[in-house]
Amino acid sequence: MHYPGTATPDRFPAQDRFAAGAQYIAGRLVAGTSGHVHTVVDPATGKDVLSYELAGTADVDAAVAAARAAFPGWAGATPGERSDALHRLAGVLADRAEDFARAESLQCGKPLKLTREFDVPGTVDNAAFFAGAARHLQGQSAGEYSGDHTSYVRREPIGVVGSIAPWNYPLQMAAWKILPAVAAGNTIVLKPAELTPLTSLLFAQAVTDAGIPDGVVNIVSGTGREAGEHLVGHPDVAMTSFTGSTAVGRRVAEIATATVKRLHLELGGKAPFLVFDDADLEAAVHGAVAGSLINTGQDCTAATRAYVQRPLYEAFVERTAALMETVRVGDPSAPDTDLGPLVSHAQRDRVAGFVDRARGYARVVTGGATPLGDLANGAYYLPTLIADAAQDSEVVRSEIFGPVLVVLPFDSDDEGIALANDTPYGLAASAWSRDVYRANRATREIQAGCVWVNDHIPIISEMPHGGYKSSGFGKDMSAYSFDEYTQVKHVMFDNTAVAAKDWHRTVFGDR
Ligand code: NAD
């Protein structure tokens, strides 16, 4: 949905900043050549932010060629040199924090307080973490395992990585894809979602300004069908790292598998939020509101299914609804706004569709509407709480990706854990209890890549992020991400200096 006029340029002058184009190839901004123009829209107002020509297959080829040309030099740099470069990058990112915060807010509709206090500092910290981690790539120790040889392991970069990112956290997703890949000596071509290319481009400019060689980081801003599939299938790309929905992840996996690529998939989620009857109710209510509404609910780890043990159920529903009603929905650039719009009008309508259908089988306790007045042109949707839905209903099974929390009761601990696990997804979960044995059991038995106890959402650069089950495989952040972005080589030296080695008799001659 478009409305006439252009978004207020002082929020971030995107059209001026990307006048040369929205592709970043071999250290410079260039225009795409697909012949198709895409317009980035401010979801808070419906006004245009940036019109740019999308990347076509020739642009992907140019970006991959630049990454391939840069690979030998970057892979051959010492860990110390790569570390220094990433430290400089962390500094450039920090210097430009306000620029990043405004651009991210503008293209996604995120409140400025979220981009200033979460997206941008998290990204700077990630760069600083990988600057350090670049010098600590560790492997097995060398040894004489056969008795006659010395064996050791080399961890080597893979080559050109092709990465694809979603629109919900464009800056952090760019950082999570780029930083471990280049810290380990790879070069990369990243395709952001076509809705949200601004901060990936700013990130690539910061990479160049930090003195990292041209071609190490390249950005192709294009559609999934054209640029995305071409990147995944490209013969000169050695690895695909994809973050997005499970449905698209399946398609990406098919193409990557057909070309025998290493694959890292970070897919959808439907995180359970399990409240036992001894939990601190006030803490659980606050956690549920923050954990379900962060980034307007467009967060793959967001609390989406609250299972509350029967004695606390009604009080939890009532107090969560009351707290949700205090959340200030509004202009993302206003300092006191808590909740901005969804990323697009299409996403808002998709979320509204889920809630409207739920009215037929569940209770919409609060929300379930778009605000009127000044906000009517934006892609806004009020914080929404749905109670009494059946476990097999659509709002419990599907990823809604909006400010909607569904609450269901449970009786026994066994039932609560079984319900939490009753989903194809396995990205994140939380357990709320003051009993360490109960909470510890939940952390063991819930099938998810992250389980919080008495909190929900915090992430940290040192710790891995990634899914179980249909939420994918492989890890972002932390030293574990190097397992994705390096390949392990066994090197074996003969120590005997004997021509006729003992083992040869299994092939010819006698002892
Ligand atoms: P999406 O799957 O629609 O798109 C993700 C990316 O894939 C975009 O860049 C898109 O252009 C591209 N794409 C689309 N079709 C493609 C194709 N055929 N081939 C190659 N690329 C293609 O997801 P979205 O709507 O942008 O983001 C929301 C989804 O991302 C949610 O499911 C959310 O859970 C998931 N997500 C997961 C994580 C995680 O860490 N697991 C993090 C953030 C978002």
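Laboratory data are not the source of any read-out in this text; all were calculated from the coordinates shown. Everything numeric here is computed off the predicted structure, so don't read it as measured data. For neighbour counting, all protein chains shown are included, and Cβ atoms are generated from backbone atoms with ideal geometry for every residue, glycine included.
Within region 158-276, all pairs of alpha-carbon atoms sorted by distance into 5 Å bins from zero give the percentages 2, 12, 23, 24, 19, 10, 5, 3, 2, 1, 0. Which longest uninterrupted range of the chain lacks any GluC sites (Glu not before Pro) assigned by DSSP to a loop state (not H, G, I, E or B) and surrounded by at most 16 other Cβ atoms within 10 Å? Between exposed loop sites, the widest span is 145-324.
Taken over region 233-295, the alpha-carbon convex hull comes to 111 cubic angstrom per residue.
Label sites at D61 and R397, each approximated as a point 7 angstrom past Cα along Cα to Cβ, lie 4.4 nm apart. With contacts taken as Cα pairs under 8 Å at a separation of at least 6 residues, the chain carries a relative contact order of 17 percent.
Dipole magnitude for the chain: about 900 debye, using +1 per Lys or Arg Cβ and -1 per Asp or Glu Cβ, origin at the Cα centre.
Across region 316-330, rounded Karplus estimates of 3J(HN,Hα) from the backbone phi angles (6.51 cos²θ - 1.76 cosθ + 1.60, θ = phi - 60°) give 5, 4, 5, 6, 5, 4, 5, 5, 4, 6, 8, 6, 8, 8, x Hz, Gly and Pro being marked x. Mean residue ellipticity at 222 nm from the helices of the chain, using -39,500 (n - 2.57) per DSSP H segment of n ≥ 4 over the full residue count, to the nearest 500 deg cm²/dmol? -10500 deg cm²/dmol, from helical runs alone. Two numbers describe the Cα atoms of region 1-140: Rg and Dmax, which are 18.1, 61 Å. Among D331, D42, D422, a tally of other beta-carbon atoms within 10 Å of each Cβ gives an order, fewest to most, of D422, D331, D42. In the chain, with Lys and Arg counted as +1 and Asp and Glu as -1 at Cβ, which of these residues, L312, T384, M239, has the Cα nearest the positive end of the dipole, that is, farthest along it? The residue sitting most towards the positive pole is M239.
Across region 236-363, Cα-Cα pairs farther apart than 22 Å form 53% of the total.
Against the compact-protein benchmark of 2.2 N^0.38 Å, the Cα-based radius of gyration of region 426-511 scales to 1.99. Spatial offset of region 277-344 relative to region 231-270 amounts to 32 Å, using the alpha carbon center of each. Taken along its three principal axes, the alpha carbon spread of the chain comes to 83, 58, 38 Å, from the longest extent down to the shortest. One way to sum up the overall shape of region 141-194 is the equivalent ellipsoid from its Cα gyration tensor, whose semi-axes run 37, 10, 8 Å, largest first. Principal semi-axes of the equivalent ellipsoid, √(5λ) from the alpha carbon gyration tensor of region 91-209, are 36, 15, 11 Å from largest down. Counting Lys and Arg as +1 and Asp and Glu as -1 over every other residue whose Cβ lies under 14 Å from the Cβ of A142, the net charge comes to +2. Here region 215-310 is assigned +1 on the Cβ of each Lys and Arg and -1 on the Cβ of each Asp and Glu. Its dipole about the Cα centre then comes out at about 380 debye.
Taken over region 302-442, the percentage of Cα pairs per 5 Å bin, counting from 0 up to the bin with the maximum distance, is 2, 9, 18, 21, 19, 14, 9, 6, 2, 0, 0. Which is farthest toward the positive dipole end of the chain among P166, A31, Y480, measuring Cα position about the Cα centre, with Cβ charges +1 (Lys, Arg) and -1 (Asp, Glu)? Value computed over the given set: A31.
To the nearest 0.05, what FRET efficiency results for D414 and R363 with a Förster distance of 25 Å applied to their C-beta separation?
0.45
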